[in-house]
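Novice: Below: one structure in structure tokens.
The values are calculated or read from the model by the stated rules, or taken from the named source; none is laboratory data. Note that this is a predicted model, so its numbers are computed, not measured. FYI the Cβ positions are ideal-geometry reconstructions off the backbone, even for glycines, and counts take in every protein chain you see. Each accessible area value is taken on the protein alone, full model and side chains, heavy atoms only, with ligands, DNA and RNA left out. Shrake-Rupley method; radii C 1.70, N 1.55, O 1.52, S 1.80 Å.
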Amino acid sequence: MDDKFAAVGEAMPRLLDGLRVTVELTILGAIAAFILAIILGLAAASPAKGWRIPARIIIEFFRGTSLVVQIFWFFFVLPLLGIDLHPMVAGVLALGLNYGAYAAEVVRGSIQSVPTGQWEATTALSLGSVQRMRRIIFPQAWALMIPSLSSLLIHLMKGTAIVGYITLADFTFQLDQVKRVSGTLFTYGIVGMLGYFLFALALTLAMNLLERQAKSKLGQGTSLRRILSPAPVATTRAGGIQ
């Protein structure tokens, strides 16, 4: 057992380097997915067919094709057309487009879930379409969409393991390489599960705080600032504690 843990210690620099790649892919892929989701989600929720129909086509295309096929296309097929992409760029594009398409449906559904009365109120206030969305509709939709986006973020993080197909040495790739050399499958299986679990836990906690903050702005919960700040001590006018 001591020999196995010693082997893990020797392999730790490689594993940490692989974890760094996984973290980078997750963060960059999530940013790309979020930007795409907002654009496509707003377009898909638009009453104008000129926005809605192209958005639906893009969403269904990337939801309906395999992530494996997409990442192979970006990394192996595009060079045949004269477009060479770094493995990291290909991975971020594939993850961003694939999960961004799923997230766009979350954005669309959340916007359309805002009560009709809120939409009518914006009309009564004579707000323009941009002001209406920015000040009234989107803040409410944002609080609704965070739980689903949180789940998609965890799926995206686990989906980063697919970049091993395009020679990018992420956490899973490094685990597999070290396991092949050492043969200690059980030990590295535990290390792999712990690594992904702790990263997923950190992402979940961050999204939970984000959801709490979004709800507090709508008066539906306690703000993060209030949670972290000590409760004030009530005093009487004479200076005594009540």
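Novice: So, in the range 68-80, how many residues would count as being closer than 30 Å to Arg52 by Cβ and either of a type in the set (D, E, K, R) or open to solvent by 40 Å² or more (accessible area, probe 1.4 Å) (or both)?
Specialist: 4
Novice: Evaluate the range 192-213: report whether one residue or more is of a type in the set (Val, Ile, Thr), over 24 Å from the mean Cα position of the chain (by Cα), over 26 Å from Ala121 (Cα atoms) and modelled with pLDDT of 75 or more. Break it down into steps so the answer makes sense when it comes.
Specialist: Just the residues of the range 192-213 that are of a type in the set (Val, Ile, Thr), to begin with: 204.
Keeping just the survivors that are over 24 Å from the mean Cα position of the chain (by Cα) gives none.
No, the range 192-213 has no match at all.
Novice: OK, next. Tell me the helices (runs of 4 or more DSSP H) entirely within the range 101-211 that contain at least 2 residues that are open to solvent by less than 40 Å² (accessible area, probe 1.4 Å), over 25 Å from Leu40 (Cβ atoms) and among the aliphatic types (A, V, I, L, M).
Specialist: 171-182
Okay, residues lined up against (1) closer than 23 Å to Phe197 by Cα; (2) modelled with pLDDT of 95 or more; (3) out of contact with any Asp or Glu (no Cβ under 8 Å at 6 or more places or on another chain):
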| residue | (1), (2), (3) |
| --- | --- |
| Leu15 | yes, no, yes |
| Val21 | yes, yes, no |
| Thr26 | yes, yes, yes |
| Gly29 | yes, yes, yes |
| Leu40 | no, yes, yes |
| Lys49 | no, no, yes |
| Phe61 | no, yes, yes |
| Thr65 | no, no, yes |
| Leu95 | yes, yes, yes |
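Novice: For the structure I just gave you, tell me whether Leu19 is assigned to a helix (DSSP H, G or I) and open to solvent by 30 Å² or more (accessible area, probe 1.4 Å).
Specialist: yes
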